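Below is one structure, written out as structure tokens; comments come after it.
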Protein chains: 2
Amino acid sequence: MKIKLCQLNFIVGDIEGNSSRIIHKINEGKKEGAEIVVFSELSLSGYPPKDLLKYPSFIDKCTHAIELIKQETEGICAIIGAPYYIVQDGKNYYNSAYVLHNKKCIKHYYKWLLPTYDVFDEARYFEAGETNPIFTLNGKQIAITICEDIWNEGVDKLYKQAPLDSIEADIDLIINLSASPFSYSHYEKRIEVIKAKVIRHNAPMVYVNQIGANAELIFDGGSLVMNSKGEITNKLAYFKEDSQVVDFPLKKSNISIPNIPKTQRIHDALIIGIRDYFNKLGFKKAVIGLSGGIDSAMVTYLAVKALGAENVLSVLLPSKFSSEHSVNDSIQLCENLNTPYQTISIEQTYEAVTKTLSPIFKNLPFDVTEENIQARSRGLILMALSNKFGYILLNTTNKSEAAVGYGTLYGDMCGGLAVLADVYKTELYEIANWVNTKNEIIPKNIITKAPSAELRPDQKDSDSLPDYDILDGILYSYIEETMGVEEIANNGYDLQTVERIVKMVNRNEYKRFQMAPVLRVSTNAFGFSRRMPLVGKY
Amino acid sequence: MKIKLCQLNFIVGDIEGNSSRIIHKINEGKKEGAEIVVFSELSLSGYPPKDLLKYPSFIDKCTHAIELIKQETEGICAIIGAPYYIVQDGKNYYNSAYVLHNKKCIKHYYKWLLPTYDVFDEARYFEAGETNPIFTLNGKQIAITICEDIWNEGVDKLYKQAPLDSIEADIDLIINLSASPFSYSHYEKRIEVIKAKVIRHNAPMVYVNQIGANAELIFDGGSLVMNSKGEITNKLAYFKEDSQVVDFPLKKSNISIPNIPKTQRIHDALIIGIRDYFNKLGFKKAVIGLSGGIDSAMVTYLAVKALGAENVLSVLLPSKFSSEHSVNDSIQLCENLNTPYQTISIEQTYEAVTKTLSPIFKNLPFDVTEENIQARSRGLILMALSNKFGYILLNTTNKSEAAVGYGTLYGDMCGGLAVLADVYKTELYEIANWVNTKNEIIPKNIITKAPSAELRPDQKDSDSLPDYDILDGILYSYIEETMGVEEIANNGYDLQTVERIVKMVNRNEYKRFQMAPVLRVSTNAFGFSRRMPLVGKY
């Protein structure tokens, strides 16, 4: 039996486009002699379709497309992820797999386990399935599962029951349709989970994941086939579209998955995150405010990798507080990347604003207000370039800054996409060093100098924040490990510092509320992944 | 039997404050001879606690507080909403009611129906309960339910089972602990739902809702007691804290609930929304950019009602495109409200920005870029005032504008709270006219003149948008009624206009993504209530 795995980059809501690509792959499969063609979870609608599911006209489109696809399945079986609608007590949708064969739907499978944590809101839309996952094709017993359905592992399970646990008969094959987004630690876990299942059920698994980014969510692909001993026999690419026809019974051949370092994984994910944000919105060009610091340097580098050097404009926006090395380092970076840059002073704007406000501010001292006026003058100029020439402004805030609110709302927090806001400052240095392994692309001085916002004379980040290794240690404990203040302090940090940092994180929820979508690389990203009260006392 | 209903304004996360207020009310109840004191849903943690529930230290605080409250229940029964933690297969939390009596917990009830739609994410945190809702006190059979538990009505029910449906024995009383947020249509529905339950189970209901606003969510209170015939015998206030001791068996007295018009309901809700946003964040003063249009006029009026005239600063920010009447109308409004105002020209800032950009923009024509520069210059100046003097800037975007993206990101979309972004322009006129019923508070000219952004000579909203009654009709069909393009056109709108407006709504998701929290008065508010894909093709 030949099975074709199709790992595609679907567009959310684009039923027409997605279905025509599905049909193309089905016909390709026919020519290749495949008996089954497998697509990823909710491939027809794109994942996640969110509140589009509330639109009856959207469901009608999906149903119509399924009918068209069905007509293409003469002599072949296609397994497609799509929403299934039925009026009933309980929610009226299932996250479903349609098994189409010889122009008929021979099986509807409904996903049992609906992830409703982190970025996932599936219980918002779907009723949990509870029917048998098995269908028979050409005498083979095949169990279908959808993504989370295979993830109910460990001692403190998230769900009370799971579809594969309900199976008593022998099965020949497990198929899993996934839309399993990237996070830097998800990669090994996924293989472990698949391994546990194939061994427990003594059956191989065909695992088909989607690739591509939909705003915050980055899907890394990595579809694979694993034999019943837990050996990977076939694998598809990471971070790009791929498909493969696999012959069953599987030949013995344990393919090893290279151990890609975390820095590289995040690097690759961010590039696809930028690329798809632009591609899917129909934009080509990015503009970035280049300060001379590591954040904007890395965004420029990543944007050049994602969009091409000619499609990225770096803008240096010096003020009287900008150091000479900031300008020089920025220029050096652009020359290394062979990408255009421009210098626009914010002095005139800053002077005009402060002069306008002087009758009201009178002799009040220079404070954070004037710092913010500089950052906002930069935002204003960058957005004007964006408007005039059709660039998307990329935001350069990193996760450490976003956490403690070290950034100006409507200033350096402007931008259509927050490229780095799920990457801690210390991680960013690691990625920069990794990028520089062969050649010095990111000028060394940008990596080694003390971070500064350069919004007042001789300012350093360390004037108001602890050193980044301490800051990031505390932030990681608080945000990723959900530790309390005392627990963090007990791990070797100064109690008062921990209290201060945690307060800063909580107090700055209002800034993050208005932040651009954050490319998610962790499981506690700002935005839809980590949902904290905006108004409260905690 | 005397039962005390406690309708309080709890603060999310403030376990110490919330529990001390609960204890205060228990002791008050003892003096009043109450046998039971009832609080609202998740009263201890505040509603919604969101991802605070992921913090073990937060749960420890809740557990500790319950122990302290328990010690206060000698001779009295207190029913308190709080999260319950237990390690198990399935999620480890229940949305629970603790029944405390004589220093013991005599019953844990777990909410069965977990709303996971609109702004609600309860399935993200809680496992659905499925145990018996009944406990016995002094020989009475009392069924506890939590909010949504009583809402499974109609022909196409949202849930497969509900706790009261599981009851076969006679019951003497139903108690419902709610955190049921305001929407302009929720008010009658709530009474209908309660009525259906008391009649079906032939038992009276004690319904305790919370009041106060937590960021977007506004809780309107309106707690009540209904007898088994469906007559309201006791009612608590709307939009303020209240408590009442009610004697059972109930005396016959059908209290009528006044039919408050929709305009007034929204008006009252917005005022409490503003007030609690400031109170709970520890701020007192608001700043508003006053344009001469209806939106900023209404925000100024509402802010004055919420915070006091002396705590609101209106700033007129004219440009060369501002009309004289805009300035005069704005001044008239401030004089009517007796609230301070200031005039700050944006001309210097606008000139500086355009001069700075002229070598790059060269002879390119005036377009939306220059319009946005004006709006962003205003945002920059208003935020400088906010920073220097500790004002919160209030955003004035209405729902019609937010829908079609008729506003400048980082310009007039600045602000800590979007007061009107769930109120359509046509609704806003209705509210303004209602406000003016007795005296002309909102200058008539502001209501009658043609809306204009005044960002280019003789600009009118109607240059690029259909008239607001048509626009709002289309938007209401698309957003509130989730109709498709063809269905809307079939209802009497021009197809091309509908297509264009729907495209504008979809295309401007990116602006709304970065918008301030929106005071929610409908069931399809922008923000957490309506979650559409940011990147997609639809």
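The values are calculated or read from the model by the stated rules, or taken from the named source; none is laboratory data. What you are looking at is a predicted structure, and each value in this text was computed from that prediction instead of being measured. Note that we place each Cβ from the backbone using ideal geometry, even for glycine, and neighbour counts take in every protein chain shown. Calculation scope for accessible area: heavy atoms of the full protein, side chains included, ligands and nucleic acids excluded. Shrake-Rupley method; radii C 1.70, N 1.55, O 1.52, S 1.80 Å.
The mean count of C-beta atoms from other chains within 10 Å of the C-beta of residues in B:376-383, rounded to a whole number, is 6. Along each principal axis, taking the top coordinate minus the bottom one, the Cα set of the protein assembly as shown gives 81, 76, 68 Å in descending order. Other protein chain C-beta atoms within 10 Å of residue C-beta, averaged over A:511-520: 3. Computed from the alpha carbon positions, the gyration tensor of the range A:124-182 leads to an equivalent ellipsoid with semi-axes of 21, 14, 12 Å, biggest first. Distances from A:Gln141 to itself in the other copies, using label points 7 Å out along the Cα-Cβ axis, amount to 4.7 nm in increasing order.
When accessible surface is computed with a 1.4 Å probe, chains B and A are found to bury approximately 8300 Å² between them, both chains counted. A 1.4 Å probe run over the protein assembly as shown, with the rest of the protein chains in place, finds 36 Å² accessible per residue. Take the alpha carbon atoms of the range B:420-452, find their center, do the same for the range B:117-169, and report the distance between the two centers in whole angstrom. Each part's Cα centre sits 42 Å from the other's. For the pair A:Leu364 and A:Ser20 in one chain, pulling the backbone fully straight at 0.36 nm per residue adds 117.4 nm over the alpha carbon distance. Distance from the Cα centroid of the range A:173-249 to that of the range A:299-351 is 41 Å (rounded to whole angstrom). Counting only other chain Cβ atoms within 10 Å of each residue's Cβ, the peptide A:276-284 averages 2.
Residues whose amide H comes within less than 5 Å of that of B:Glu41, counting only those at least five positions distant or on another chain, are B:Ser178, B:Ala179, B:Gln210 (H built at 1.01 Å from N in the peptide plane).
Quantify how much of the Cα-Cα distance distribution of the range B:151-214 extends past 19 Å, in percent.
Here the tail beyond 19 Å accounts for 37 percent of pairs.
Expressed as a whole percent, the accessible surface of chain B that belongs to carbon and sulfur atoms is 50, based on a 1.4 Å probe. Here B:Ser253 yields copy-to-copy label distances, from shortest upward, of 8.6 nm, the label point defined as 7 Å from Cα along Cα to C-beta. Amide H contacts for A:Ile175 (H built 1.01 Å from N in the peptide plane; partners 5 or more residues away or on another chain; cut-off under 5 Å): A:Ala143, A:Ile144, A:Thr145, A:Val206. Across the alpha-carbon set of the range B:483-526, the Rg to Rh ratio works out to 1.08, Rh being the Kirkwood radius. The Rg/Rh ratio of the range B:439-538, with both radii computed over alpha carbons and Rh defined as the Kirkwood radius, is 1.00. Principal axis analysis of the Cα atoms in the range A:355-510 yields extents of 50, 47, 28 Å, listed in decreasing size.
Remark: label point of B:Glu32 defined 7 Å out from Cα along the Cα-Cβ vector; separations to the same position in other copies 7.2 nm, ascending.
Overall shape of the range B:2-152 was characterised from the C-alpha gyration tensor. The equivalent ellipsoid obtained from it has semi-axes of 24, 18, 14 Å, in decreasing order. Mean separation of Cα pairs under 8 Å and 6 or more residues apart, divided by the residue count, gives chain B a relative contact order of 11 percent. When Rg and the Kirkwood radius Rh are both evaluated on Cα atoms of chain B, their ratio Rg/Rh stands at 1.02. Averaging the sequence gap over all C-alpha pairs within less than 8 Å and six or more residues apart, then dividing by the number of residues, gives the range B:32-108 a relative contact order of 34 percent. Find the centroid of the Cα atoms in the range B:268-283 and in the range A:474-527, then give the distance between the two in whole Å. After rounding, the separation between the Cα centres reads 26 Å. Pairs of C-alpha atoms in the range B:201-292 farther apart than 17 Å represent 61 percent of all such pairs. Only Cα sites of the range A:260-362 enter the Debye sum here, all with the same form factor; the resulting log10 I(q)/I(0) across q = 0.19, 0.25 1/Å is -0.93, -1.24, listed in q order.
For A:Arg530, the residues 5 or more places off, or on other chains, whose built amide H falls under 5 Å of its own are A:Ala525.
With the simple spin-label model, which puts each label point 7 Å out from Cα in the Cβ direction, the B:Tyr85 to A:Ser464 separation comes to 3.4 nm. Relative to the dominant Cα principal axis of chain A, helix A:294-307 is inclined by about 40°. In a solvent-free Debye calculation with one equal scatterer on each Cα, what is log10 I(q)/I(0) for the range A:250-311 at q = 0.15, 0.20, 0.22 Å⁻¹, listed in the order of the q values? Summing over Cα pairs of the range A:250-311 leads to -0.57, -0.81, -0.92. Just so you know, the averaged projected area of the alpha carbon convex hull for the range B:135-271 sits at 9.1 nm². Computed from phi, the 3J(HN,Hα) profile of the range B:355-366 under the Karplus parametrisation 6.51, -1.76, 1.60 (θ = phi - 60°) reads 5, 4, 8, 4, x, 8, 6, 6, 9, 4, x, 3 Hz, with x in place of Gly and Pro.
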